[in-house]
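Here is the structure we will look at, set down as structure tokens.
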Amino acid sequence: MSLTTTAPRLRIAAWQPASMLDWPGRIAATVFVSGCPFRCPYCHNPDLVAPGSAQDSTPLLELLAVRRGWIDGVAITGGEPTADPGLMELLAALRDMGLPVKLDTNGSRPEVLERILEERLVEMVALDVKTVPERYDALTGVAGSAEAVARSVDLVIGSGVRHEFRTTAWPGSLTIEDFPRIARALAGGERYVIQQFRPERTLDPDAAAVLPFSADALTKAASRCEAHLPTTLRGVR
Ligand code: SF4
């Protein structure tokens, strides 16, 4: 797609021209897309949960065109990008510009993820696996979410795309025993990341009152997960 054709419209809430945080090992522009079907109480980006209005992506694509030589790719995050009807078009535009994409997703839209993977529109996927199946719907507020995410996990592993699975360690929806269970369900995956819960900012103010797991407990849990797939901790001090 050339910038002279119509650029896709998406619920772009913000973007950063360059960051080293959103795509580990790369300098990437980051695009934040608002709107998410889930309502995780611990959500660290509460401003991005409600869908904003769709924006013309021309200014974003023009900026990326100028910076193409300075960045290694584009990280698309949210909110939940696969819930935006304009995402496929944006990914196609970025592919045409020669910019690799990392997609952050909660796995709630496996049918969209399947098309993205089939069309090889992303180089890497970071997929949230939030809890064990029996607690998923209560956590997200969406019936059937565990099944949707399980389907997304299978799609990602089967696609051969670079990927990581991520769990935010919020004790309101997880016990320490759950981490090895989740890891077992991810066997065959490339990498599992357990992220420390950050109580500073949450969608539900009550979620912030939940005491995070200790570093020691998470370190031991991660070591048990290693039996199933390579596991790392993030944000644990
Ligand atoms: S943490 Fe939950 S509510 Fe927040 S953006 Fe991610 S999936 Fe949506």
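Normalising the average separation of contacting C-alpha pairs (under 8 angstrom, six or more residues apart) by the number of residues puts the relative contact order of the chain at 18 percent.
Quick check: net charge around Val49, other residues with Cβ under 15 Å of its Cβ, Lys/Arg +1 and Asp/Glu -1? In short, -2. Two decimals is fine: what is log10 I(q)/I(0) at q = 0.22, 0.29 Å⁻¹ for region 125-190, from a Debye sum with one equal scatterer on every Cα and no solvent? For region 125-190 at q = 0.22, 0.29 Å⁻¹, log10 I(q)/I(0) is -0.93, -1.40.
Highest mean packing first, where packing is the average number of other Cβ atoms within 10 Å per residue, the peptides 52-60, 97-105, 217-225 line up as 97-105, 217-225, 52-60.
Per residue, the chain reaches -9000 deg cm²/dmol at 222 nm when only DSSP H runs of four or more residues are counted, each adding -39500 (n - 2.57).
Comparing Cα centroids, region 106-137 and region 1-55 end up 16 angstrom apart. Applying the Kirkwood pairwise sum to the alpha-carbon positions of region 112-237 produces a hydrodynamic radius of 15.1 angstrom. With everything on Cα atoms, drop me the angle between helix 215-225 and the longest principal axis of the chain, reported from 0 to 90° to the nearest 10. Result, in degrees: 80.
A Stokes-Einstein calculation at 4 °C with viscosity 1.567 mPa s, built on the Kirkwood radius of the chain over Cα pairs, returns a diffusion coefficient of 71 µm²/s.
Summary of the geometry: region 63-98 and region 148-196, compared by the centres of their Cα atoms, lie 24 Å apart.
For GluC sites (Glu not before Pro), the sites in region 158-200 that DSSP calls loop and that have at most 14 other Cβ atoms within 10 Å are Glu177, Glu200.
Toward the positive end of the charge dipole of the chain, about the Cα centre and with charges on Cβ (Lys, Arg +1; Asp, Glu -1), which of Gly79, Gly69, Thr167 goes farthest? In the chain, that residue is Gly69.
Note: relative contact order over region 103-169, using C-alpha pairs below 8 Å and six or more positions apart, is 46 percent. Between Val101 and Val74, Glu123, Met124, the built amide H atoms are under 5 Å apart, and every one of these is 5 or more places off in sequence or on another chain.
Bear in mind these aren't lab numbers, they're just calculated from the coordinates by the rules spelled out. Just so you know, these numbers come straight off a predicted model, no measurement behind them. Every residue, glycine among them, receives a Cβ derived from its backbone with ideal geometry; neighbour counts consider all protein chains shown.
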